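Participant: Input: one structure, supplied below.
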Amino acid sequence: MLFLLTELKPIINASITESGAILLGEFFEIDSYAGRPVRVVTHMHSDHTLYLSKSKRHSTYILATQPTLDSLTVLGEKLPENKTIPLGYNKPLRIVDETITFVKSTHVIGSAQVVVETKEGFRLGYTSDFKFPGTKIMSDLDVLVIDATYGQEHMIRPFKQEIETLLADLVNEILSKNKPVRILGYYGKLQEVMEILRKNNVSAPFVMPKKVYELTNVACKHGMKINDFFEEDSKEGSEVKKDNWYVYFQHMNSKKGTLSQTADLILSGWFFESPIKKIIEKNKYEKWLVAFSDHGDFQDVFAYVSESKPKMLIVDGSRTDRVTADFFSNFVKKKLNLKSFVLPSQKIQLKEED
């Protein structure tokens, strides 16, 4: 789909397909497949690596940051070397008559925003997933495509500045009772929490399954400060687990069952009522819900648009529900008098093997 800004000619090419591909310019498909020559992967999460197998077969180039490429390798994604280009932040790459640049964002290790400059001189930007602090706000954009996972007014975490300290304090308190802590979250978020705990004086060793361990090595290779972590089946990991003084990190969707004498901490971005809440206490087992997210909340997303001041906004409706996307688009129209759309108009679930 092409949009014509009344004050700008010729036509600006920016859209989102029904399969979740962000299309900027003539050559770039971002975070899903659309049959274009250049596939861009903004980060490792599965909703941003959609149909990557098709892009591997049909695209001429695949672009991502080096940390993202390393993470995808750990996750079992074999990218063709002759097509793969690692791209650093703020290093423009010209392809034919368009230029693409990655801009730093805070989400998971290697996350990138994308700016494409077209042959007509238009600047088109895509935030992908982000949060503050640490995300650079892109400006001077003709079109901004934004993630609005938490795009409704009630989706605010007023305690987000304190959650890191509160989480570390809770972990230390539980460990002091001679009880191990298990933290469940998604790849990338787990590594972020590891670094946060170390910064906030949690000194107990970290234990984790092989894949989480390998991703943590990638994170450290690219600058994260995490020490004393062990793969659970290693000699060191086995020794650590003999003592109850350790923190275990596990992917949210892992099938590994509940450990009867642990405290489980569930990292959830969808919890807004308080920073931390105990939801189960039975015998020696307890479970806590922790309001920790690697996405910006409503205030952050609106602040991004307000400061960016694009000429046009496209809200990504492929990775959030339509009600939320529509609300945010309408809110921006009203508050900022900004032309705003939600795309795509509908979602069609394509099979990966198609």
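The values are calculated or read from the model by the stated rules, or taken from the named source; none is laboratory data. Everything numeric here is computed off the predicted structure, so don't read it as measured data. Reconstructed Cβ throughout: ideal geometry from the backbone, glycine too, with neighbour counts over all protein chains shown. Each accessible area value is taken on the protein alone, full model and side chains, heavy atoms only, with ligands, DNA and RNA left out. Shrake-Rupley method; radii C 1.70, N 1.55, O 1.52, S 1.80 Å.
Participant: Going by the structure shown, is Glu236 touching a strand residue (DSSP E or B) at 6+ places or on another chain (Cβ under 7 Å) and open to solvent by less than 30 Å² (accessible area, probe 1.4 Å)?
Facilitator: Here the answer is no, as Glu236 does not meet what is asked.
Participant: Right, something else. What's the total number of residues in the range 64-82 that are β-branched (Val, Ile, Thr), surrounded by fewer than 16 Cβ atoms within 10 Å (Cβ to Cβ) and part of a loop (DSSP other than H, G, I, E, B)?
Facilitator: Total satisfying the criteria: 0.
Participant: Of these, Lys255, Lys225, which one is more than 24 Å from Asn200 (Cα to Cα) and exposed (fewer than 13 other Cβ atoms within 10 Å of the Cβ)?
Facilitator: Among Lys255, Lys225, only Lys255 is more than 24 Å from Asn200 (Cα to Cα) and exposed (fewer than 13 other Cβ atoms within 10 Å of the Cβ).
Participant: Return yes or no: is Ile85 surrounded by fewer than 20 Cβ atoms within 10 Å (Cβ to Cβ), within 21 Å of the chain's Cα centre (by Cα) and not in a loop (DSSP other than H, G, I, E, B)?
Facilitator: When the stated conditions are applied, Ile85 passes them.
Participant: Search the range 168-190 for residues being in contact with a helix residue (DSSP H, G or I) (Cβ under 7 Å, 6 or more places away or on another chain) and in contact (Cβ under 8 Å) with a residue 60 or more places away in the chain, and hand back the single one that is farthest from Lys242 (Cα to Cα).
Facilitator: Here the answer is Tyr187.
Participant: Considering only residues that are closer than 16 Å to Ser254 by Cβ and of a type in the set (Ser, Thr, Tyr), look in the range 173-213 and name the one that is farthest from the chain's Cα centre (by Cα).
Facilitator: Tyr213
Participant: Restricting to the range 279-299, and then to whatever is open to solvent by 10 Å² or more (accessible area, probe 1.4 Å) and among the hydrophobic types (A, V, I, L, M, F, W, C), can you tell me which residue is farthest from the chain's Cα centre (by Cα)?
Facilitator: Ile280
Participant: Please count how many residues of the range 93-135 are polar (S, T, N, Q) and open to solvent by 10 Å² or more (accessible area, probe 1.4 Å).
Facilitator: 5
Participant: Test Val114 against the criterion of being farther than 21 Å from Glu192 by Cβ and either β-branched (Val, Ile, Thr) or in a strand (DSSP E or B) (or both), and give yes or no.
Facilitator: yes
Results for (1) within 19 Å of Pro67 (Cβ to Cβ); (2) at pLDDT 95 or above; (3) part of a loop (DSSP other than H, G, I, E, B); (4) open to solvent by 30 Å² or more (accessible area, probe 1.4 Å), shown as yes or no for each residue.
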| residue | (1), (2), (3), (4) |
| --- | --- |
| Ile137 | no, yes, yes, yes |
| Leu141 | no, yes, yes, no |
| Met155 | no, yes, yes, no |
| Asp169 | no, yes, no, yes |
| Val212 | yes, yes, no, no |
| Val218 | yes, yes, no, no |
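Participant: List pairs: first in the range 102-120 and within 20 Å of Val218 (Cβ to Cβ), second polar (S, T, N, Q) and open to solvent by 10 Å² or more (accessible area, probe 1.4 Å), Cβ under 9 Å, 6+ apart or cross-chain?
Facilitator: Phe102/Asn90; Lys104/Asn90; Lys104/Thr135; Ser105/Thr135; Thr106/Thr135; His107/Thr135; Gly110/Gln66; Ser111/Thr135
Participant: With the requirement that a residue be open to solvent by 30 Å² or more (accessible area, probe 1.4 Å) and without any contact (Cβ under 8 Å) to a residue 40 or more places away in the chain, what does the range 38-49 give you?
Facilitator: Correct list: Ser46 only.
Participant: Next question. Hey, any hits in the range 300-311 for a residue that's under 22 Å from Leu197 (Cβ atoms) and within 24 Å of the chain's Cα centre (by Cα)?
Facilitator: Within the range 300-311, not a single residue is under 22 Å from Leu197 (Cβ atoms) and within 24 Å of the chain's Cα centre (by Cα).
Participant: Taking the criterion of being modelled with pLDDT of 95 or more and among the small types (Gly, Ala, Ser), would at least one residue in the range 324-338 satisfy it?
Facilitator: yes
Participant: Against the definition (β-branched (Val, Ile, Thr) and assigned to a loop (DSSP other than H, G, I, E, B)), how does Val108 come out, yes or no?
Facilitator: So Val108 fits the description; yes.
Participant: What are the residue pairs meeting all of these: first residue in the range 301-329, first residue under 16 Å from Ile156 (Cα atoms), second residue crowded, with 17+ Cβ neighbours inside 10 Å and aromatic (Phe, Trp, Tyr), Cβ atoms under 7 Å, and 6 or more apart or on different chains?
Facilitator: Between residues of the range 301-329 that are under 16 Å from Ile156 (Cα atoms) and residues that are crowded, with 17+ Cβ neighbours inside 10 Å and aromatic (Phe, Trp, Tyr), the close pairs are Val301/Tyr150; Val301/Phe328.
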